[in-house]
Amino acid sequence: MNHIEKLEWRYATKEFDATKKLSEEQVKTLAESLRLAASSFGLQPWTFYIISNDDVKQKLLPHSWNQKQVVDCSHQIVFCTMTDFGASNVEKYIQDIASTRGQSVEELEGYSKMMKGFLSGKGKEEVLTWAKNQVYIALGSFLTTCAELEIDACPMEGIVQSEYDSILGLKDKGLTTVVACPVGFRAEGDKYAELSKVRFPLEEVVKFID
C-alpha cells in the first residue's frame, strides 16, 4: 500500500485481537516515533507510557468507560504532559541542544531568552493548555506511524484523566494524562474495519492559495 492507501486502511479500532501482540521491534519503532515527534520550539513537554502489563490495563479499564480496547490491545499508550513547565525545562533543553550540536550554552542565550519570554508571558493554565496541544501533535504523528506499520490504533479521549494519574502515580512526577491510545491488531469480527471511511470532500476542507 502507498501512503494514502494506508491512511484509508486505518480506523479507530473498536475490537482488538487479544491474542496478537506487537513484536519487540514494533514497540521500539513506535517508541522512537514518539521521541521524534514535533513540538513548539522543540521543547517536548511530555512523557509517554507504553503499557503491556495486564494488571495495570485492568485497573485502567473502569476509568476508560469500560472500553474493551484498553485490555484487549497489545499495548496501551498514555500520552502525558508536564504540569509545571517553565524556565528550568528550557534550560535543560538548551543544555541538550548544546551537547547534541557541539555549541556553547552562551551561543544559545538569545534562543533561551525567547522561549523563557514566551512561557513567562502566559499564566500557568495557559502554559498547561499549550503543553497539552503539543501532546496532540505527537498523537497525530503517532497515528500516522501506526498506519505506515499497519498497526491498529484507537485514539481515546473517553478516559478519566485524574484516575489515570492516580493509577500511574503521575502527580508525584509532575505529569498529567492528556489522552490514551490502545494499539495492536484488529479482531476479525470488528465490523467497523470494513466500513467506508467518512470524510468531507477535499475541496471543502483544503483550500489552495496560488
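Summed over segment 9-48, the residues that are in contact with a strand residue (DSSP E or B) (Cβ under 6 Å, 6 or more places away or on another chain) and under 21 Å from Glu91 (Cβ atoms) give a count of 3. Scanning segment 12-28 for residues that are open to solvent by 50 Å² or more (accessible area, probe 1.4 Å) and acidic (Asp, Glu) yields Glu15, Glu24, Glu25. Candidates Pro182, Pro155, Pro201: the one that is out of contact with any Asp or Glu (no Cβ under 7 Å at 6 or more places or on another chain), within 18 Å of Ile77 (Cβ to Cβ) and open to solvent by 30 Å² or more (accessible area, probe 1.4 Å) is Pro155.
Within segment 163-176, restricting attention to residues that are on the phi < 0 side of the Ramachandran plot and exposed (fewer than 13 other Cβ atoms within 10 Å of the Cβ), which residue is nearest to the chain's Cα centre (by Cα)? Taking the candidates together, the pick is Lys171. For segment 150-186, the tally of residues that are under 19 Å from Leu34 (Cα atoms) and small (Gly, Ala, Ser) stands at 3. How many of the residues making up segment 1-33 are over 16 Å from Leu143 (Cβ atoms), in contact (Cβ under 8 Å) with a residue 60 or more places away in the chain and assigned to a helix (DSSP H, G or I)? Count: 0. The listed residues are Gln95, Gln76, Gln69, Gln58, and the only one of them that is touching a strand residue (DSSP E or B) at 6+ places or on another chain (Cβ under 9 Å) and over 19 Å from Thr176 (Cα atoms) turns out to be Gln69. Against the conditions (1) closer than 28 Å to Cys146 by Cα; (2) loosely packed, with under 12 Cβ neighbours inside 10 Å, Ser88 satisfies every one except (1).
Only one of the listed residues (Asp190, Asp172) is touching an Asp or Glu at 6+ places or on another chain (Cβ under 8 Å) and acidic (Asp, Glu). That residue is Asp190.
Specify which of the listed residues (Phe118, Phe48, Phe41) is aromatic (Phe, Trp, Tyr), under 30 Å from Glu148 (Cβ atoms) and surrounded by fewer than 17 Cβ atoms within 10 Å (Cβ to Cβ). Steps first, please.
Working: Phe118 fails: under 30 Å from Glu148 (Cβ atoms); Phe48 fails: surrounded by fewer than 17 Cβ atoms within 10 Å (Cβ to Cβ).
Answer to the check: Phe41.
Against the list (1) in a loop (DSSP other than H, G, I, E, B); (2) free of Cβ contacts under 8 Å to residues at least 40 places away in the same chain; (3) under 29 Å from Ser166 (Cβ atoms), the condition Lys92 fails is (1).
The values are calculated or read from the model by the stated rules, or taken from the named source; none is laboratory data. Keep in mind it's a predicted model, so treat the numbers as computed, not measured. Here Cβ is always computed from backbone atoms with ideal geometry, including for glycine, and neighbour counts include all displayed protein chains. The protein model used for the area step is the full one, side chains on, heavy atoms only, and it has no ligands, DNA or RNA in it. Shrake-Rupley method; radii C 1.70, N 1.55, O 1.52, S 1.80 Å.
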